[in-house]
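Below is one structure; the comments refer to it alone.
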Amino acid sequence: MKINLFDLSLDELKEFVKQLGEPQFRGKQIFEWMYRGAESFEDMTNIPKSLREKLSENSFLGGMSIYEKYVSKIDETRKYLLQLSDGNFIETVLMKYEYGYTVCVSSQVGCKMGCKFCASTVNGWVRNLTPGEIIGQILCVQKDLGQRISNIVMMGIGEPFDNFENVLKAIQLMNSPEGLMIGQRHISVSTCGLVDKIRTLADMKMQITLLISLHAPSDERRSQIMPVNNKFNINELMSACDYYIKETGRRISFEYTLISGVNDTMEEADTLASLVKGKLCHVNLIPVNKVEESGFSKSSRERVEAFKRRLEKHGLVATVRREMGSDINAACGQLRNKKTKQ
Ligand code: SAH
């Protein structure tokens, strides 16, 4: 089995090269080529031909390709349908902000979390992405765009904490000075609330931004729309959040999707406020995006504003997330395995 060199850290690549009987400094040269966008081993002109041959016998460079690309007419958001080396498909989104380009990265092929409002879980879970496949999305988009990506949000298909080790390794690769050189503070990870992993991450004291998909302030309602709540309830989630804030000193962002008639009453705003009040946090309201299968619809604009004002009255900082790329189904919760493996 050939290995994907993007799955390796710099040290692991040096070790790999050593096992091929070559000096370790070649590992660093190869690593630099990879992150400078070399398409093939042939491009690596300072690597001896004999080593390039050994490399192609034993390994490959990502094996990921852009199968289709959709560009929004509203806001320049781009959505990529990427094909992986085993034929599976994932989606990745590029967004343009004043401060630079952000890529929204997937962590799994499909998702097993079952949130009722989200398209990513409709066809279930197929497999985890490897670290190289997570990094590969950024490299694919960067190459297509021809500009540096400065921010990453792990908010594409999948539950990042259900693929914890690979996601952490991918973040280290994003950080690597010889790699993508994206600082931890420019990386955000969103979870539906896998409490044990939130605590582990807190212990690591990383400087990434953590987002928590909350979406309902009571166990009864949250369990109806997010099955994960049956495993880790709101109480457990909130105490893990407190622990995270205490250990890292980082502000948490609570995401709250507003679904008409489901979780958008003023009473729920009050309960939400009492739940998160006093925490170092921020509430991000997201009028629910359309997903055919869910049957849910957005709260009205007035309701969204009223909900926001109500939270502010309690002293909370709340924002309404700007919807991007909705004409190409690239907005939050709209990504899915649109094509199945060929
Ligand atoms: N599994 C992780 C990562 C997905 S991030 C998580 O749940 O956090 C995608 C964000 O969009 C999450 O906050 C998710 O709850 C939210 N989302 C899902 N479906 C949505 C929809 N239809 N409209 C708006 N937001 C949605």
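The values are calculated or read from the model by the stated rules, or taken from the named source; none is laboratory data. The structure presented is a predicted model; accordingly, all values stated were derived computationally and were not measured. Methodologically, a virtual Cβ is constructed for each residue, glycine included, from the backbone with ideal geometry; neighbour enumeration extends over all protein chains shown. Areas reflect the complete protein model, heavy atoms only, side chains present, ligands, DNA and RNA absent. Shrake-Rupley method; radii C 1.70, N 1.55, O 1.52, S 1.80 Å.
Taking θ as phi - 60° and the Karplus parameters 6.51, -1.76 and 1.60, the scalar couplings of the range 196-201 work out to 4, 6, 4, 5, 4, 4 Hz in sequence order, x denoting glycine and proline.
What length, rounded to one decimal in nm, is gained on full extension from S40 through to E15, with 0.36 nm per residue of separation minus their alpha-carbon distance?
Residue separation times 0.36 nm, minus the Cα-Cα distance, leaves 7.0 nm.
In the complete set of protein chains, residue-level accessible area for V317 is approximately 80 Å², probe 1.4 angstrom. Taking Cα centre as origin and charging only the Cβ of basic (Lys, Arg, +1) and acidic (Asp, Glu, -1) residues, the dipole magnitude of the range 3-60 rounds to 220 debye. Cβ-Cβ distance of N233 and D75, R₀ of 41 Å, FRET efficiency by 1/(1 + (r/R0)^6): the value works out to about 0.65. With the Cα gyration tensor of the range 142-181 giving a ≥ b ≥ c as the square roots of its eigenvalues, does the rule (a/c under 1.5 for rounded; else a/b larger than b/c for prolate; else oblate) give rounded, prolate or oblate? Oblate, because a/c is 1.5 or more while a/b does not exceed b/c. The long axis of helix 301-313 is offset from the longest Cα principal axis of the chain by roughly 80 degrees.
Remark: the range 48-56, residue by residue, has Karplus-estimated 3J(HN,Hα) of x, 4, 4, 5, 4, 5, 4, 4, 6 Hz, where x stands for each Gly or Pro and the curve is 6.51 cos²θ - 1.76 cosθ + 1.60 at θ = phi - 60°. Net charge within 13 Å of P287 by Cβ-Cβ distance, Lys/Arg positive one each and Asp/Glu negative one each, not counting P287 itself? It works out to a net charge of +2. Taking a ≥ b ≥ c as the square roots of the Cα gyration tensor eigenvalues, with a/c under 1.5 meaning rounded and otherwise prolate when a/b beats b/c, else oblate, which class fits the range 76-139? Oblate, because a/c is 1.5 or more while a/b does not exceed b/c.
Can you give the local net charge around D7? Use residues other than it whose beta-carbon is closer than 10 angstrom to its beta-carbon, Lys and Arg +1, Asp and Glu -1. Residues close to D7 contribute a combined charge of -1.
Most simply put, the range 110-221 has about 10% antiparallel DSSP beta bridges, counting only bridges with both residues inside it. These residues, H215, H314, go from largest to smallest accessible area, 1.4 Å probe, as H314, H215. Where both bridge residues fall in the chain, DSSP classifies roughly 45% of the beta bridges as antiparallel. Taking Lys and Arg as +1 and Asp and Glu as -1, the other residues whose beta-carbon sits under 15 Å from that of L81 total +3. Per residue, the accessible area of the chain comes to 44 Å² when a 1.4 Å probe rolls over the protein heavy atoms.
Round to a whole number: what % of the accessible area of the chain belongs to carbon and sulfur, probe 1.4 Å?
49
Could you put E98, E91, E267 in order of accessible surface area, largest first, with the 1.4 Å probe and the full protein assembly present?
My answer, sorted largest first, is E98, E267, E91.
Dividing the C-alpha radius of gyration of the range 1-108 by 2.2 N^0.38 Å, with N its residue count, gives 1.29. Restricting the calculation to alpha carbons of the range 3-60 gives Rg and Dmax of 9.8, 25 angstrom. Amide hydrogen proximity for S188: with H placed 1.01 Å from N in the peptide plane, the residues at 5 or more positions away or on another chain lying under 5 Å are I152, V153, M154, T209.
For the range 81-98, the Karplus equation 6.51 cos²θ - 1.76 cosθ + 1.60, evaluated at θ = phi - 60°, returns couplings of 9, 9, 9, 8, 5, 9, x, 5, 10, 9, 10, 9, 10, 10, 10, 10, 10, 4 Hz by residue, with Gly and Pro reported as x. Distance distribution note for the range 201-326: the fraction of Cα pairs above 20 angstrom is 44%.
Unpaired cysteine residues in the chain (no second Cys Cβ under 4.7 Å): C104, C111, C140, C192, C241, C281, C332.
Each Lys and Arg Cβ is given +1 and each Asp and Glu Cβ -1; about its Cα centre, the chain then shows a dipole of about 400 debye.
Taking amide H atoms as placed 1.01 Å from N in the peptide plane, the amide H of Y101 lies under 5 Å from those of S150, N151, each 5 or more residues away in sequence or on another chain. Evaluated over the Cα positions of the range 65-328, the convex hull gives a direction-averaged projected area, one quarter of its surface, of 13.4 nm².
Each 10 Å bin from 0 upward holds the following percent of the Cα-Cα pairs of the range 35-77: 21, 37, 19, 15, 7, 0.
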